[in-house]
Amino acid sequence: MAAITVKNLTKKFDDLLVLDNISFEVSDGEFLCIVGPTGCGKTTFLNSLIKLYDITSGEILVNGEPVDLQRHNISYIFQENSTMPWLTVEQNISFGLDIKHIPRAQKKESVREMMDIVGLTPYRSYYPRQLSSSMLQRVSIARAFATDPELLMMDEPYGQLDIELRFRLEDELIKLWERTKTTVLFITHNIEESVYLGQHILVLTNKPTGIKEKIADNLPRPRDIASPEFVGLRHHVTEMIKWW
Ligand SMILES: Nc1ncnc2c1ncn2[C@@H]1O[C@H](COP(=O)(O)OP(=O)(O)O)[C@@H](O)[C@H]1O
Ligand SMILES: [Mg+2]
């Protein structure tokens, strides 16, 4: 069964038609990049999935059922820093587990493991104001993975970072995903990033937004952005889009 099924999804804001009759499926454990121009409705889609917005028509199903945030364990990583300034790194990572009433020993172990994977163990007692933007994003990622979500949604999480840091965090993300096999929806307007990360790439059009194509990205990992295959696929996606 598909982890996510989107059927004839339409979303309007008053007269503004944003998502126009969109249908696609995401399989269990898939890493899907959704790439589309600024303003095409990527964030609107994620907000609709978690029911922050009412949809105009159509449906979004998780494991074949309407989304139920009480039952479906969904994590959302935003573009902006979403750490809590009054909590330490360790407490921030633990936060998602605290609200889920996970037993104490298990919680400690998950937090320790996640801090280690994202390289924040030496900074466990630091507060967000003492951290760089890439460290803050690492806290968010560790917090999201610590809850072992069945679906992880990331909305342009690395948009603000410079390129070298971005590549490092992208590699970390892939490592975490390969270990956990969480279904990931990764939103970006960066074509290279989508080709670097995705198992599939869902290419969106300008508003009113439809799907251009869902492309399989079978390049071996770790991916080499300079390889002819990588450059070829990036070029293919770029040609398909021509947003400019
Ligand atoms: N709450 C809202 N009310 C009205 N219009 C909105 C709202 N949220 C988004 N929009 C509009 O919907 C379109 C898609 O926005 P958004 O989903 O943020 O795009 P993206 O994330 O792809 O950059 C934009 O034209 C935006 O102005
Ligand atoms: Mg957005």
So, first residue within 8 Å of ligand 1 (Cβ to nearest atom) in region 10-21, second residue of a type in the set (Gly, Ala, Ser) and in a strand (DSSP E or B), Cβ within less than 8 Å, six or more apart or across chains; the pairs are none
Among 130, 137, which is closer than 19 Å to residue 85 by Cβ, of a type outside the set (Ser, Thr, Tyr) and surrounded by fewer than 19 Cβ atoms within 10 Å (Cβ to Cβ)?
130
If you go through region 41-63 one residue at a time, how many are under 26 Å from residue 174 (Cα atoms), of a type outside the set (Val, Ile, Thr) and either away from ligand 1 (no atom under 16 Å from the Cβ) or part of a loop (DSSP other than H, G, I, E, B) (or both)?
3
When residue 235 is evaluated against the numbered criteria (1) touching a residue at least 12 places away in the same chain (Cβ under 8 Å); (2) part of a helix (DSSP H, G or I); (3) of a type outside the set (Val, Ile, Thr), which criterion, by number, is the only one it fails?
(1)
Residue satisfying all of: in region 27-67; within 16 Å of ligand 2 (Cβ to nearest atom) and among the hydroxyl-bearing types (Ser, Thr, Tyr); farthest from residue 96 (Cα to Cα) among these:
38
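What residue, of 195, 203, is in contact with a strand residue (DSSP E or B) (Cβ under 8 Å, 6 or more places away or on another chain), farther than 19 Å from residue 46 by Cα and surrounded by 17 or more Cβ atoms within 10 Å (Cβ to Cβ)? Walk me through it before giving the result.
Details: 203 fails: farther than 19 Å from residue 46 by Cα.
Just a single option satisfies the conditions, and that option is 195.
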From the list 108, 175, which one is under 20 Å from the mean Cα position of the chain (by Cα) and surrounded by fewer than 15 Cβ atoms within 10 Å (Cβ to Cβ)?
175
Which members of region 69-94 meet the condition of being surrounded by fewer than 18 Cβ atoms within 10 Å (Cβ to Cβ) and modelled with pLDDT under 95?
69, 70, 71, 72, 73, 78, 79, 80, 81, 82
Which of (1) in a strand (DSSP E or B); (2) closer than 19 Å to residue 237 by Cα is the odd one out, the single condition residue 194 does not satisfy?
(1)
Could you say which residue among 35, 26 is buried (at least 22 other Cβ atoms within 10 Å of the Cβ), under 17 Å from the mean Cα position of the chain (by Cα), more than 16 Å from ligand 1 (Cβ to nearest atom) and modelled with pLDDT of 95 or more?
26
Looking at residue 70 and the list (1) more than 16 Å from ligand 2 (Cβ to nearest atom); (2) at positive phi, which single condition is not satisfied?
(2)
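The values are calculated or read from the model by the stated rules, or taken from the named source; none is laboratory data. Everything numeric in this text was worked out from a predicted model, so none of it was measured. Reconstructed Cβ throughout: ideal geometry from the backbone, glycine too, with neighbour counts over all protein chains shown.
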